[in-house]
Amino acid sequence: MTLWQLMRVGGVTMYVLLGASVLSLAVIIERCIYYRRRSKVKRQDFMLRISKEMEKGNLAVALALCKDTATPFSSVVAAGLDLYGHTDVVVSNAMERAVTVETVKLESFTSIVGTIGSIAVYIGLFGTVLGIIRAFRDISSAGGGGVSVVINGISEALVCTAAGLCVAVPAVIAFNYFVKKIDGFITDMELSASETMDLLTVGKR
């Protein structure tokens, strides 16, 4: 069967699943590009450069380096360096807020993929149930048709379940990948915040 024939057999449910698939794919591509762009710089290398500049007393250069580096942890470090000279509590709170802001950005749209991964199978099953009901109704109105007609109707109805699985599986895999990736970003931000506090504490001495 061609794709168009499958869409006709599945009915409205197939169009819903197609829309969910397109939306899920768009979010997956956008998030992968977003994460890749913010993973180009390693935290260890970045913090080493910040440490060297702070040892030289070049706070302005360190801040400029943070602004020129497009990573979540650079924004956290910048939030701390901006408040150099303030109390540890003020600096720590500023970096915690920066971690929260960056985490929200990292999690943007990921819930869409997670939701699609969770409900796509159920949408497919719903379409299958409707298809089976329609098949038995047609058999009843036709006054028979034999086992072959029943099997044919059920096989066509199962197309929706198969489509639901095809949409759900990639979405679940992508969502789990996003969660792991975000956890890695959060770890980097927390470590960077801790190292920045150490640098600022040493700088005050």
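The values are calculated or read from the model by the stated rules, or taken from the named source; none is laboratory data. Remember, predicted model here, so these are calculated numbers, not experimental data. Glycine gets a Cβ as well: all are built from the backbone with ideal geometry, and neighbour counts include every protein chain shown.
What to note about this one:
- None of T110, T128, T115 is of a type in the set (S, T, N, Q), buried (at least 16 other Cβ atoms within 10 Å of the Cβ) and at pLDDT 95 or above except T110.
- Boolean, V22 is β-branched (V, I, T), part of a helix (DSSP H, G or I) and surrounded by 12 or more Cβ atoms within 10 Å (Cβ to Cβ): no
- Looking only at segment 73-104, and only at residues there that are hydroxyl-bearing (S, T, Y) and over 24 Å from Y34 (Cβ atoms), the one that is nearest to the chain's Cα centre (by Cα): S92
- The residue pairs whose first member lies in segment 46-68 and is without any contact (Cβ under 8 Å) to a residue 40 or more places away in the chain and of a type in the set (D, E, K, R), whose second member is surrounded by fewer than 16 Cβ atoms within 10 Å (Cβ to Cβ) and part of a helix (DSSP H, G or I), and whose beta carbons are closer than 7 Å, counting only pairs six or more residues apart or on different chains, are E53/V61.
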